[in-house]
Amino acid sequence: MSAAARASIARRPLLKGLLAAAGVAAAAIAAVEGPRLFAPRYAPSPFDDVLAQLPDRENAIRLGAAFLTSVKHFDAAATAGLLRARLRGHSLAATMNDDLLEARLSEARGWVLPESLALLCALAARAG
């Protein structure tokens, strides 16, 4: 047998390896992009930068609607400005902790909440 015949690669194992690599790549892409593709979509609003802090926007909308029933005047733009200032450089959890330490609390149908969370949920309810 010649040296050229020994050095050649068999086609079937090469194709199997390429197909396996393509399958692994497709599964990895699906695992990374899948949750984002199937996540709920919301209409764009001027408050999306603040609303991105919410882990569950559907329930936040419900809570915000309950909070808005007890509030007479709600200015969404002023509330968004206040929340942007409070959240600047902090997580929502840290901001809520600050609210609790400073006794900034709000009530929504019997639930006592940190003020930042209640305002953020009300903003989500207004944004839809």
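Observations on the structure shown:
- The conditions of being under 19 Å from residue 48 (Cα atoms) and either outside any loop (DSSP other than H, G, I, E, B) or out of contact with any Asp or Glu (no Cβ under 8 Å at 6 or more places or on another chain) (or both) are met by residue 83.
- Among the candidates 14, 51, residue that is aliphatic (A, V, I, L, M), under 15 Å from residue 126 (Cα atoms) and surrounded by 10 or more Cβ atoms within 10 Å (Cβ to Cβ): 51
- Residues being more than 13 Å from residue 117 (Cα to Cα) and β-branched (Val, Ile, Thr) - total across the stretch 39-85: 2
- Test: residue in the stretch 50-61 that is under 30 Å from residue 36 (Cα atoms), touching a helix residue (DSSP H, G or I) at 6+ places or on another chain (Cβ under 7 Å), part of a loop (DSSP other than H, G, I, E, B) and of a type outside the set (S, T, N, Q): yes
Throughout, read-outs are computed from the coordinates displayed, never taken from laboratory work. On a predicted model such as this, the values are computed, not experimentally measured, just so you know. Glycine also receives a Cβ, built like all others from the backbone with ideal geometry; neighbour counts cover every protein chain displayed.
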